[in-house]
Amino acid sequence: QSKNFFRHCLLNGTTTVVAYLSSFLEAAQIAFEEASRTKIRAYLGLTLMDRGVPKEIQTTAVDAQKNMLSLIDTYHKKNGCEFVVTPRFALSCTDALLTLCGEVSHAYKLFLQTHISENTAEVEETLRLFPQCKSYTDVYNVTGCLHERTLLGHGIHLEAKERQLIREKKSAVIHCPTSNNFLGSGIFSYDTLHKEKTRI
């Protein structure tokens, strides 16, 4: 599947891709190997989750650290590939895992990709799970996951103070009209973020 994915990216004129991989180390290794073979520029991350998902795809903070360091050592900045720290999103991560992701991304100066404010139910549940935080965006901020190399997917329901925090941290909101339209959970306020000079 990895081979077909990268091949079709190139066939469609996509020469750089940022992607979430499987949560399994072996599958991630295969993806990096295939990306290297196709010569595509690939920013790839092992998807990390340690709560709210089936046990089979959970990763403890200890294993997450070991697996990330292994992939960084083997593939980062080699053959056009870079490793991206990838906590799936706040709902599927504990404070400990998010904090680890923040630490690793800072220590190795890595990109960090995750999801944010995709729908209102997600926002409400995130605030319930992280009552010590002021907002969904603040969850990533207090755990060290919000910085100048952070890529925040969706961002449909960001409040003004969250957008301000994202600007202060120089993070970027990644917008995919097709994905957001398919989800049917709201319209991304591109004009608002553009006028406010939020990185998009």
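Antiparallel versus total DSSP beta bridges in region 69-200: what percent is that, nearest 5? All intermediate terms of the calculation are to be shown ahead of the outcome.
Working: 1 of 11 bridges.
Bridges in region 69-200 are about 10 percent antiparallel.
Ordering Ile30, Ile72 by accessible area with a probe of 1.4 Å, largest first, what comes out?
Values: Ile30 95, Ile72 15 Å².
From most exposed to least exposed: Ile30, Ile72.
Suppose every Lys and Arg Cβ carries +1 and every Asp and Glu Cβ carries -1, with no other charges. What dipole size does region 68-110 come out with about its Cα centre, to the nearest 20 debye? Please list the in-between numbers first.
On the way: 4 positive and 4 negative charges, 34 e Å.
With Lys and Arg at +1 and Asp and Glu at -1, about 160 debye.
222 nm [θ] for the chain, helices only, -39500 (n - 2.57) per DSSP H run of 4+, per residue, to 500? Spell out each step's value before the answer.
Details: 9 runs with 91 residues, N = 200.
Helix contribution divided over all residues of the chain: -13500 deg cm²/dmol.
Could you list which residues have their amide H under 5 Å from that of Gln58, counting only those 5 or more apart in sequence or on another chain, with H placed in the peptide plane?
Amide H to amide H, under 5 Å and 5 or more residues apart or across chains, Gln58 pairs with nothing.
Please report the antiparallel percentage of DSSP beta bridges with both residues in region 1-141, rounded to the nearest 5. Don't skip to the end; give the middle numbers.
Values: 1 of 12 bridges.
Antiparallel bridges: around 10 percent, rounded to the nearest 5.
Let me spell out the model: positive unit charges on the Cβ of Lys and Arg, negative unit charges on the Cβ of Asp and Glu, origin at the Cα centre of region 26-123. What dipole size does that give, in debye rounded to 20?
Charge dipole of region 26-123: 360 debye, to the nearest 20.
Which of the aspartates and glutamates could a cross-linker bridge to Lys3, judged by Cα under 13 Å and excluding same-chain residues fewer than eight apart?
Glu33, Glu34
Could you work out the relative contact order of the chain, using alpha carbon pairs under 8 angstrom and six or more residues apart, expressed as a whole percent?
Values: 338 pairs, mean separation 28.2, N = 200.
Once divided by the residue count of the chain, the mean separation gives 14 percent.
Ordering Asp191, Asp138 from largest to smallest accessible area (1.4 angstrom probe), what's the sequence?
Working: Asp191 100, Asp138 20 Å².
Sorted by accessible area, descending: Asp191, Asp138.
Pull up all non-local amide H partners of Thr150: gap of 5 or more, or a different chain, and H-to-H distance under 5 Å with H placed in the peptide plane.
HN-HN under 5 Å from Thr150: Leu112, Ala172.
Given H placed on each backbone N at 1.01 Å, which residues far from Glu82 in sequence or on other chains put an amide H within less than 5 Å of it?
Here Ala42, Tyr43, Leu44, Lys77 satisfy the definition.
Using the Karplus curve 6.51 cos²θ - 1.76 cosθ + 1.60 with θ = phi - 60°, what ³J(HN,Hα) values do you get for each residue of region 24-32, in whole Hz, with x for Gly and Pro?
9, 4, 4, 5, 5, 4, 4, 4, 5
Report, please, the projected area of the chain averaged over directions, based on the convex hull of its C-alpha atoms, in nm².
Values: hull surface 43.9 nm².
It is 11.0 nm².
Report the net charge of residues surrounding Phe5, where surrounding means a beta-carbon distance below 15 angstrom and charges are Lys +1, Arg +1, Asp -1, Glu -1.
Details: positive: Lys3, Arg7, Arg37, Lys39, Arg41; negative: Glu33, Glu34.
Counting the neighbours of Phe5, the net charge comes to +3.
Restricting the calculation to Cα positions, tell me the Rg (one decimal) and the Dmax (whole number) of region 66-140 in Å.
14.0, 43
Which FRET efficiency value, to the nearest 0.05, do you get for Phe5 and Asp63 by plugging their Cβ-Cβ distance into 1/(1 + (r/R0)^6) with R0 = 22 Å? Let's see the in-between values first.
On the way: r = 25 Å, r/R0 = 1.14.
Here the calculated transfer efficiency is 0.30.
Taking θ = phi - 60°, what integer Hz values does the Karplus form 6.51 cos²θ - 1.76 cosθ + 1.60 yield along region 156-171, in sequence order, with x for Gly and Pro?
Each residue's phi maps through the Karplus curve to give 6, 10, 7, 7, 4, 5, 5, 5, 5, 5, 4, 5, 4, 8, 6, 7 Hz.
The values are calculated or read from the model by the stated rules, or taken from the named source; none is laboratory data. Quantities reported herein were computed from a predicted structural model and do not represent experimental measurements. Cβ: placed from backbone, ideal geometry, glycine included. Neighbour counts: every protein chain shown. With ligands, DNA and RNA removed, areas are computed over all heavy atoms of the protein, side chains included. Shrake-Rupley method; radii C 1.70, N 1.55, O 1.52, S 1.80 Å.
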